[in-house]
Each structure stands twice: as structure tokens, then as C-alpha cells.
Amino acid sequence: MRGKFRRRGASIAAVAALSAGGLILATAGSASATSLLTVQVGAAVFKSTNLASGTVGVPDLWSGDLLLADCWTTGQNLGRGNIWYHTIDERYNHLGGLELTVTGWTYAPYVDGSAAANGGISHC
């Protein structure tokens, strides 16, 4: 009888370990990737995916500056499409490498011609 309880306890421990491992794998698999993007034209960081929302109050990004985006979505079409990047970090090379971590939205066609939305990052 005592051996039976040990085996059952070992089985329960193995199932618990596998379940925890599956949970960790599921969590890691659902995480979205980020992309460090070089601004091609110049872009502002907005509160939402339209001009009417206004900017978040950081300097505009110039050509050659960098931003970190974690996903894309659709919004106002400014003449080159309707893709916007959710921006989580900005590096201003034109301001001596100033780095800010202000969250907002940048118009993808002005950043990289919307290239990252075609495989670099996922839809929000």
C-alpha cells in the first residue's frame, strides 16, 4: 500500500511539472516580438492612430533616428496607407543619442515604408 502512494505521488508531481512547463511555453509563445526600426523620412509620436489625437510631447523623429515598435494596427490614412506602429522607445540620433521611453503611435510609411508590418512585428 505504501509503494502505491509513492508512485501516485510521483505521478502527480510529474503531471504538475509538465503542466507548469506547458504554461511557461504557452506564455513564451504568446509574447510578441519587437523591432528596432530606422526612421526613413521623419515621424511624430501620436497619442492614437490619427492626427487629431495630438502628439505625446516628445520631439519628432528625423531620418536616421531609431524607434522600438512592438506591434502594428490600422488607423488614419495620411496618403501612403493606414498602418501605424505602437512605439515604446525612441532614440534621437540627431539629438546626440537621446533615448526616451514614451509610448505612442508612429505612422509606419514614414518610418520604414510599413515594411515591419509585413513580417517584422505582429498585428496588435
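The values are calculated or read from the model by the stated rules, or taken from the named source; none is laboratory data. Remember, predicted model here, so these are calculated numbers, not experimental data. All Cβ positions, glycine included, derive from the backbone under ideal geometry; neighbour counts span all protein chains shown. Calculation scope for accessible area: heavy atoms of the full protein, side chains included, ligands and nucleic acids excluded. Shrake-Rupley method; radii C 1.70, N 1.55, O 1.52, S 1.80 Å.
Computed quantities for the displayed model
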{"read-out": "Rounded to the nearest 10 Å², the accessible area of residue 62 at probe 1.4 Å", "value": "150 Å²"}
{"read-out": "Under 17 Å from the residue 52 label point (7 Å along Cα→beta-carbon), backbone N, region 94-124", "value": "none"}
{"read-out": "Net lengthening on full extension, residue 36/residue 88 (0.36 nm per residue, minus Cα-Cα)", "value": "17.7 nm"}
{"read-out": "Cα gyration tensor of region 30-114 - equivalent ellipsoid semi-axes, whole Å, descending", "value": "18, 15, 12"}
{"read-out": "FRET efficiency for residue 123 and residue 99, using Cβ-Cβ distance with R0 set to 30 Å, rounded to 0.05", "value": "0.70"}
